[in-house]
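Input: a single structure, listed below in structure tokens.
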Number of protein chains: 2
Amino acid sequence: MKKFINSIDNLLDESLSGFAKAHADIIQLNTQPHFVRRNKPTAPGKVALISGGGSGHEPLHSGFVGSGMLDAACPGQVFTSPTPDQMLAAAQAMENGGGVLFIVKNYAGDVMNFEIAAEMLDCPHDTVLACDDVAFPKTHSTGRRGVAGTLIVEKIIGAAAESGADLAACKALGDRVNIATASMGVALTSCTVPALGKPTFDIGENEIEMGVGIHGERGRERLTMRSATEIVDYLSGIIDDDLKPQKGQSALLHINGFGATPLMELHLIYELASRFWEKRGVNICRSLVGNYTTSLDMAGCSITLSLLDEELLRLWDAPVHTAALRWGC
Amino acid sequence: MKKFINSIDNLLDESLSGFAKAHADIIQLNTQPHFVRRNKPTAPGKVALISGGGSGHEPLHSGFVGSGMLDAACPGQVFTSPTPDQMLAAAQAMENGGGVLFIVKNYAGDVMNFEIAAEMLDCPHDTVLACDDVAFPKTHSTGRRGVAGTLIVEKIIGAAAESGADLAACKALGDRVNIATASMGVALTSCTVPALGKPTFDIGENEIEMGVGIHGERGRERLTMRSATEIVDYLSGIIDDDLKPQKGQSALLHINGFGATPLMELHLIYELASRFWEKRGVNICRSLVGNYTTSLDMAGCSITLSLLDEELLRLWDAPVHTAALRWGC
């Protein structure tokens, strides 16, 4: 394993400190416990949006803290849930009279720890559970995982909260976006967790993992390597079956890199996926292509389709100023 | 080699087509010959800024086409100079009464082809040669290579051109930024050019290439793997020796990923590099951390320091709207 680190123990601290310095115009880092928060006051009564999860998926979630999106994010150790004290401290710091909405990816550890934090929180609160990964059926025992579609949930709720939507409205909106969003990923290589020092899983020179999770979890099936068009048609077909978009439906197409896949290839995937849905009469009216929900140094990508109505489109387009997403300001 | 492609022959076409669709709000793709151009008219008399180079470094340069930065970019095949007909067609399409300024990275093929295009161009024109890579001495036989600092040159000239600076002023400004900018990179792994199908160079499990070029060219020396602090101090020391910033000097610190290095590690590198210059009294007042001048799927990064005065700071901060850099609008 070759990585830019000094020691496993202070990797996260040094990285978060660098992140906070590089973006000191919009965020600050709280230590003991760790969370990244906006550094500008919000309007009284604004719903505070708190997310978080294991590190190793950067820019998710810390890169989405800022005006028009999250109020704070709690980074756990690599691929490990943050702890309830982080979530509670972040919620208490950011609560501003409008209550707290937690946005949680559906993994057992995250769900449990956010529940513990929520129980200790002494103000109105609610939770949106992101579960956009369609690699497994809706009936899967632990439910579907939250993956790259989570940022779309965060962006759209973020815009609503910024414009004064109350807690119940933000919660309902988040659930609506989550249901209208489906993702599926494919791995060409494993990732390597620094503390482990070797690849999380073995994969042959001619194999790909269809439906892989963002921590390297096994997916739907192991296939032999094939053309980009075949890969895109496979992933998009499952997403399309799940969402069943009508002809003329507007949608956002998000191609997410897992960390080690060149932008050149991600744009090629975008081209093929947009052709897939154009053929079906879907109107791909918004796009996002890049490394947003990563899996350390994994080569691979995910495709996310999110169905948009006029309200969701307006909220997606609303100004946002975070480290990783910025427009309109 | 596992990559998301259909065939080597149409990789670039499919990728550029996807790029153009994903960013159709600001750019369009010209084919025969290939160049990416702004899709909105510029003010009469504005200097047209044209860059380009081999593909495989995305988002450089196509990702920097748009308001406040480039007017057009000419993508060559992977790691191969674009051809003079691309540059000439881009210049003729974008020229709007203010002349043309070519921004060229210092590689023999690029320099030669931009020179041929310039000779055929029937309007006032000039060239800024980016050569910010301090891995080799100033006296090196072919001069220093243009690497990650090129985007800083493009951003700052872009802002000046947008605000009405004339050709001579843009040329002088570009040369000034180039001289005030120094970069140096390190590779942990090779990259793999799709048409070659295997790594460009061999590197051991415990080796790193100091001063590597963005095409995998040999650098200054091959060292054993070491701590992030030692790597940063090595790279920053050479940059510091070259630029010799005074105490109190303001500077932009740019940490650039080569494509396969997680953002978590790039922020750690930022932390260590900012400490290096803070100790020397340099005021790191602007930052840019991410994958901007990549080398396909290489793991590694470069550090760039760019000295800023008030004028350069104002131009860096001016609004920009491109696929890869956007603020203020």
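The values are calculated or read from the model by the stated rules, or taken from the named source; none is laboratory data. Not measured: the values here are computed from a predicted model. Methodologically, a virtual Cβ is constructed for each residue, glycine included, from the backbone with ideal geometry; neighbour enumeration extends over all protein chains shown.
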Task: So A:A130, is it crowded, with 20+ Cβ neighbours inside 10 Å, in contact with a Ser or Thr (Cβ under 7 Å, 6 or more places away or on another chain) and small (G, A, S) - done: yes
Task: Candidates B:A159, B:A148, filtered to the one that is in a loop (DSSP other than H, G, I, E, B), under 25 Å from B:V289 (Cβ atoms) and of a type in the set (G, A, S) - done: B:A148
Task: Among residues of region B:179-198, those that are of a type outside the set (S, T, Y), part of a loop (DSSP other than H, G, I, E, B) and within 12 Å of another protein chain (Cβ to nearest Cβ), counted - done: 6
Task: The listed residue being touching a residue at least 60 places away in the same chain (Cβ under 8 Å) and at the interface with chain B (Cβ under 9 Å from one of its Cβ atoms), out of A:A324, A:A318 - done: A:A324
Task: Residues within region A:29-52 that are in contact with a helix residue (DSSP H, G or I) (Cβ under 9 Å, 6 or more places away or on another chain) and part of a loop (DSSP other than H, G, I, E, B), tallied - done: 8
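Yes/no per residue for (1) in contact with a helix residue (DSSP H, G or I) (Cβ under 9 Å, 6 or more places away or on another chain); (2) within 24 Å of A:R220 (Cβ to Cβ); (3) buried (at least 23 other Cβ atoms within 10 Å of the Cβ):
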site	(1), (2), (3)
A:G158	yes, no, yes
A:G164	no, no, no
A:K171	yes, no, no
A:T181	yes, yes, yes
A:M184	yes, yes, yes
A:A187	no, yes, yes
A:S190	no, yes, no
Task: Residues of region B:87-128 satisfying the condition of being aromatic (F, W, Y) and in a loop (DSSP other than H, G, I, E, B) - done: B:Y107
Open item on the list: When the residues of region B:1-17 are narrowed to those that are assigned to a helix (DSSP H, G or I) and more than 7 Å from chain A (Cβ to nearest Cβ), which ends up surrounded by the fewest Cβ atoms within 10 Å (Cβ to Cβ)?
Closed with: B:D13
TODO: Specify which of the listed residues (B:P59, B:P44, B:P75) is outside the structural domain of B:V193 (by TED's automatic domain parsing), closer than 21 Å to B:P319 by Cα and under 14 Å from the mean Cα position of the chain (by Cα).
DONE: B:P59
Task: Selected residue [more than 9 Å from every other protein chain (Cβ to nearest Cβ), of a type in the set (G, A, S) and within 30 Å of A:M1 (Cα to Cα)] from A:S302, A:S306 - done: A:S302
Open item on the list: From the list A:A20, A:A48, A:A43, exactly one residue is farther than 25 Å from B:N291 by Cα, touching a strand residue (DSSP E or B) at 6+ places or on another chain (Cβ under 7 Å) and either touching a residue at least 40 places away in the same chain (Cβ under 8 Å) or surrounded by fewer than 24 Cβ atoms within 10 Å (Cβ to Cβ) (or both). Which is it?
Closed with: A:A48
Open item on the list: Please go through region B:96-114 and give me each residue that is surrounded by 21 or more Cβ atoms within 10 Å (Cβ to Cβ) and of a type outside the set (S, T, N, Q), ordered by number.
Closed with: B:G98, B:G99, B:V100, B:L101, B:F102, B:I103, B:V104, B:K105, B:Y107, B:D110, B:F114
Open item on the list: With the requirement that a residue be more than 18 Å from A:T293 (Cα to Cα), among the aliphatic types (A, V, I, L, M) and facing chain A (nearest Cβ under 7 Å), what does region B:273-298 give you?
Closed with: B:L296
- [ ] Answer yes or no: is there a residue in region B:129-139 that is assigned by TED's automatic domain parsing to the domain that holds B:A72, touching a Cys at 6+ places or on another chain (Cβ under 9 Å), at pLDDT 95 or above and closer than 14 Å to B:R176 by Cα.
- [x] no
Open item on the list: Regarding region A:77-86, can at least one residue be identified that is more than 12 Å from chain B (Cβ to nearest Cβ), crowded, with 24+ Cβ neighbours inside 10 Å and either assigned to a loop (DSSP other than H, G, I, E, B) or not acidic (D, E) (or both)?
Closed with: yes
TODO: For region A:20-33, state whether one or more residues are at the interface with chain B (Cβ under 7 Å from one of its Cβ atoms) and within 30 Å of A:S190 (Cα to Cα).
DONE: yes
